[in-house]
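One structure is given here, and the rest of the page talks about it.
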Amino acid sequence: MAADFDNLIDELGHQYLEVQARMSDPSVYNDHREAAEVGRKLKELEGPYKLAQEWKAAREDLVAARDDADLKELVPELEERTARLEEELRLSMVQSDPADHKDVILEIRSGEGGDEAALWAADLYRMLTRYAERRGFKVEELEASPNDGGGYKQISFAIKGDGAYSVFKWEGGGHRVQRVPATESQGRIHTSSATVAVMPEAEEVEVDIDPSDLKIDVYRSTGPGGQSVNTTDSAVRITHVPTGVVVSMQDEKSQLQNKEKAMRVLRARLYERQRAEQRAELDATRRSQIGTGERGTKIRTYNFPENRLTDHRIKLTAHQLDKILQGELDDFTAALTTDDRRRALGD
């Protein structure tokens, strides 16, 4: 096993130096698409490569301490450091999801709980967009269906930036809230929910959509009360006939803009559908262990009276819900990422 690990470290070093050399190649530098791909690969390898150098140095120090009577007392500390670095290194070398670097599209839908669920959907939207802004990503609202109570029946938005999907993929599933609604005169705690669907944004070349498979309807945009928002047929509904996937878009005044946005969401849904099918075929057992992250799966409970958030997938609880709702989700993202990598290693 030790020899195998050493071989992995050597291979990592070769890969890193090879990719670094490619970055200096004029033919790569002058090809924007390839340069971006090579740059992404280099960034992906940098963390593991740096850890590998630290691990090698720690192991050398440990060997030296074991052979030197004056340094024997340092052995336990160096053993702990070497083991910790090896664990971090193994986790960092787990193959990442090919979609991790992509932009991401999220759709939030209110669930059980009526107006309170719609308000909760709006709270989730604010939490996730604040988190995106804190991480340096850009947010683009795609389509929203507000209700009369100030919440959302449904809202979809894109988060743009390198690695956006790797951060937000953990938000997919059911988000349950326990709190006293503003309209509750008896002070009773109500439970309501909203669901989040998370999809990597797909490029046209990644999803082959035959125009003859599309049924496109146009109609007038309507507001939350059913009133007409404008007097032209600018809203667009696209149905992908083979799969039955339907996307509607009405927020833009231009029919063309609504169609372009609808096609982006349709591509993302079909791309995620393909990925889900591939995952199911490759690893049905693992998916059943970790949960699918799809809409029916309850992933978190947000308890306002106790200022508590519990993530049920990793049994992690934090009593700082007020901060989390302001977008401080880093601890949960890091824990979920580490847990996923451990499972991939079979730990």
>> I'd like to know if segment 112-135 contains one or more residues that are within 30 Å of Gln255 (Cα to Cα), surrounded by 18 or more Cβ atoms within 10 Å (Cβ to Cβ), over 20 Å from the mean Cα position of the chain (by Cα) and among the hydrophobic types (A, V, I, L, M, F, W, C).
In response: yes
> Quick check, is Glu281 of a type outside the set (S, T, N, Q), modelled with pLDDT under 90 and crowded, with 17+ Cβ neighbours inside 10 Å?
Replying inline: no
> Quick one: how many residues across segment 22-35 are surrounded by 13 or more Cβ atoms within 10 Å (Cβ to Cβ) and in a helix (DSSP H, G or I)?
Replying inline: 6
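Across segment 291-307, what is the number of residues that are assigned to a strand (DSSP E or B) and at pLDDT 95 or above? I'd like the intermediate steps shown before the answer.
Looking only at segment 291-307, we keep the residues that are assigned to a strand (DSSP E or B), and these are 298-303.
With the extra rule that they be at pLDDT 95 or above, the set shrinks to 300-303.
Selection size over segment 291-307: 4.
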>> Could you go through segment 231-239 and let me know if any residue there is farther than 28 Å from Arg275 by Cβ, of a type outside the set (S, T, N, Q) and at pLDDT below 90.
In response: yes
>> For segment 104-116, give me the residue count where each residue is out of contact with any Lys or Arg (no Cβ under 9 Å at 6 or more places or on another chain) and aliphatic (A, V, I, L, M).
In response: 2
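Filter segment 36-60 for residues that are of a type in the set (A, V, I, L, M, F, W, C) and buried (at least 18 other Cβ atoms within 10 Å of the Cβ); which is farthest from the chain's Cα centre (by Cα)?
Within segment 36-60, the first condition is being of a type in the set (A, V, I, L, M, F, W, C), and the residues that meet it are 36, 38, 42, 45, 51-52, 55, 57-58.
So of that shortlist, the ones also buried (at least 18 other Cβ atoms within 10 Å of the Cβ) come out as 38, 45, 51-52, 55, 58.
Working: Val38: 22, Leu45: 20, Leu51: 25, Ala52: 27, Trp55: 30, Ala58: 34 Å.
Here the residue is Ala58.
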>> Return the pair list, or none, for Cβ contacts closer than 9 Å from residues in segment 237-263 that are in contact (Cβ under 8 Å) with a residue 60 or more places away in the chain to residues that are part of a helix (DSSP H, G or I) and exposed (fewer than 14 other Cβ atoms within 10 Å of the Cβ), at least 6 apart or on different chains.
In response: Met249/Glu260
> Restricting attention to segment 144-166, which residues are buried (at least 18 other Cβ atoms within 10 Å of the Cβ) and within 15 Å of Val198 (Cα to Cα)?
Replying inline: Gln154, Ile155, Ser156, Phe157, Ala158, Ile159, Gly163, Ala164, Tyr165, Ser166
>> Looking at Leu62 and the list (1) within 30 Å of Glu143 (Cβ to Cβ); (2) in contact with a Ser or Thr (Cβ under 7 Å, 6 or more places away or on another chain), which single condition is not satisfied?
In response: (1)
> Can you tell me which residues in segment 78-104 are acidic (Asp, Glu) and in a helix (DSSP H, G or I)?
Replying inline: Glu79, Glu80, Glu86, Glu87, Glu88
>> The conditions are (1) under 17 Å from Glu272 (Cβ atoms); (2) part of a strand (DSSP E or B); (3) free of Cβ contacts under 8 Å to residues at least 40 places away in the same chain, and Val139 fails exactly one of them. Which is it?
In response: (1)
> Does segment 181-193 contain at least one residue that is touching a strand residue (DSSP E or B) at 6+ places or on another chain (Cβ under 7 Å) and either outside the structural domain of Gly151 (by TED's automatic domain parsing) or more than 22 Å from Lys298 (Cα to Cα) (or both)?
Replying inline: yes
> Tally time: how many residues in segment 250-274 are over 15 Å from Leu106 (Cβ atoms) and either part of a strand (DSSP E or B) or of a type in the set (Val, Ile, Thr) (or both)?
Replying inline: 0
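The values are calculated or read from the model by the stated rules, or taken from the named source; none is laboratory data. Please read these numbers as outputs of a predicted model, since none were measured by experiment. Cβ atoms come from the backbone with ideal geometry, glycine included; neighbour counts cover every protein chain shown.
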